[in-house]
Amino acid sequence: MARLNDPQAATYALLVMCAEDMYDDLADHNKANQAPPIDPRVSADWTVIGFITAVDALADAQALGLGTRFYYGFLAGSNADQTKYAAVIRGTANPSEWIEDIEFVPQPAPARMAGKVENGFFSIYATMNYTPVGSTTLMPVIDGIAAAVGANQLTVLGHSLGSALATYLALDLAISGKLQNPLSACMFASPRAGDAIFAGYVDTKVGNYKVYNYALDIVPKVPLFFDYSALPKATAFEAADAQAVIQHTLGGNHHAICYAAMIDYTIADWTNVPTVDKECAACIEGPNPQAPAAA
């Protein structure tokens, strides 16, 4: 394939990274803060108007009312274009989420969907709510986002676990009939959120989406069994196709900041990042001189 060249997607990857940083920057005693301070890099281009939260619990105990509600992302409006909004979902960030990530047992999708979904991912998504900035009211996530977006354009973003959750969210928003305009989605390092029937259903109902999965990243390859499938339009790219050379490590192959650099190396100074991102950015070794020319 031609060299990756998608500045908008790379910018979205950095926005998801900021959503993850907002959780990581919370002190250990404050991880359950559902409305964390807004990253200044987000505020430069976006106005956060609401927070997205969900409940973490082991063995699907959310159904019993157990677990802890955590911040999972935000809804924001573009400062440059007031007709554009983004729902941004962070990736895995604590031990209970890692365990939920590897449950892997399929379950029938809700009747409004089709096929089967991964029960660990979906157990988190089923508890997702939306809270406007300045409020403590937990609203149904679809109702809250749709009401806030109104007649404007919405893009749903996610990385890692957040990509699976973003897949469910984008699908639910698309089939709800509550958005006044079709949405789009852009996901990175996405695990397989459901089986082939589910993936085909998402492809039909959402339609306008992108998924970038790096071939050396293990996360997009899981779950391996039970007919779990990537979305049909997912782009699986090799190291030779990337704009950046990345350290071949578990983290380097997976970090959101590494995806951004591989998709468009020119959008940031990768040596000058906030402290919270320095360890991940160190996996970016430089531009890839071997990448083929852009199409």
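Derivation of every value follows stated rules applied to the coordinates shown; laboratory data play no part. Note that this is a predicted model, so its numbers are computed, not measured. Here Cβ is always computed from backbone atoms with ideal geometry, including for glycine, and neighbour counts include all displayed protein chains.
Could the peptides 131-138, 218-225 be put in order, highest first, of the mean number of other beta-carbon atoms found within 10 Å of their residues?
On the way: 131-138: 12.9, 218-225: 15.5.
The peptides rank, most packed first, as 218-225, 131-138.
Rounded to the nearest 500, what is the 222 nm mean residue ellipticity of the chain from helices alone, with -39500 (n - 2.57) per DSSP H run of 4+ residues and division by all residues?
Details: 9 runs with 88 residues, N = 295.
After summing the helix terms and dividing by residue count, I get -8500 deg cm²/dmol.
Would you mind computing, in nm to one decimal, how far apart the modelled labels at I267 and T137 are, each placed 7 Å from Cα along Cα→Cβ?
Modelled inter-label distance: 3.5 nm.
Near the amide H of F51, under 5 Å away, which other amide H atoms are found, from residues 5 or more places off or on another chain, if H is placed in the peptide plane?
Amide H neighbours of F51: L75, T131, V133.
State, to one decimal in nm, how far the label point of N33 lies from the label point of N5, with both points 7 Å from Cα in the Cβ direction.
4.2
Among DSSP beta bridges lying fully in the chain, give the percent that are antiparallel, nearest 5.
Values: 30 of 50 bridges.
Given both bridge residues lie in the chain, the antiparallel proportion sits at roughly 60 percent.
Arranged by the count of other C-beta atoms within 10 angstrom, fewest first, what order do M139, M262, M128 take? Don't jump to the answer; show the numbers that get you there.
Values: M139 16, M262 27, M128 24.
Listing M139, M262, M128 from fewest to most nearby Cβ atoms yields M139, M128, M262.
Based only on other Cβ atoms within 10 Å, what is the fewest-to-most ordering of M17, M187, M22? Don't skip to the end; give the middle numbers.
Values: M17 29, M187 32, M22 24.
Final ranking by Cβ density, sparse to dense: M22, M17, M187.
Report the local net charge at D6: Lys and Arg +1, Asp and Glu -1, summed over other residues whose C-beta lies under 12 Å from its C-beta.
Numbers: positive: R3, K210; negative: D241, D264.
Here the charged neighbours net out to 0.
Can you tell me the relative contact order of segment 241-295? Whole percent, Cα pairs under 8 Å, sequence separation 6 or more. Provide the component values of the computation, followed by the final result.
Numbers: 65 pairs, mean separation 27.3, N = 55.
After rounding, I find 50 percent.
Using alpha carbon centroids, what distance separates segment 207-225 and segment 155-184, in Å?
Result: 17 Å between the Cα centres.
Checking understanding here: applying a Kyte-Doolittle mean of at least 0.5 and a length along the axis of at least 20 Å (C-alpha), which whole DSSP H helices in the chain pass? Don't skip to the end; give the middle numbers.
Working: long enough: 7-24 (25 Å, 0.36); 161-176 (23 Å, 1.45).
Counting only whole DSSP H runs, the qualifying helices are 161-176.
Arranged by the count of other C-beta atoms within 10 angstrom, fewest first, what order do R41, R90 take? Kindly include the intermediate steps, with their values, before the conclusion.
Details: R41 16, R90 29.
Least crowded to most crowded, the residues run R41, R90.
Could you tell me what a quarter of the Cα convex hull surface of segment 7-287 works out to, in nm² with one decimal place?
On the way: hull surface 53.8 nm².
Projected area, direction-averaged: 13.4 nm².
Hey, what did segment 7-287 get for relative contact order, percent, Cα under 8 Å, at least 6 apart? It would help to have the intermediate numbers written out before the result.
Working: 601 pairs, mean separation 46.9, N = 281.
Computed over segment 7-287, the figure is 17 percent.
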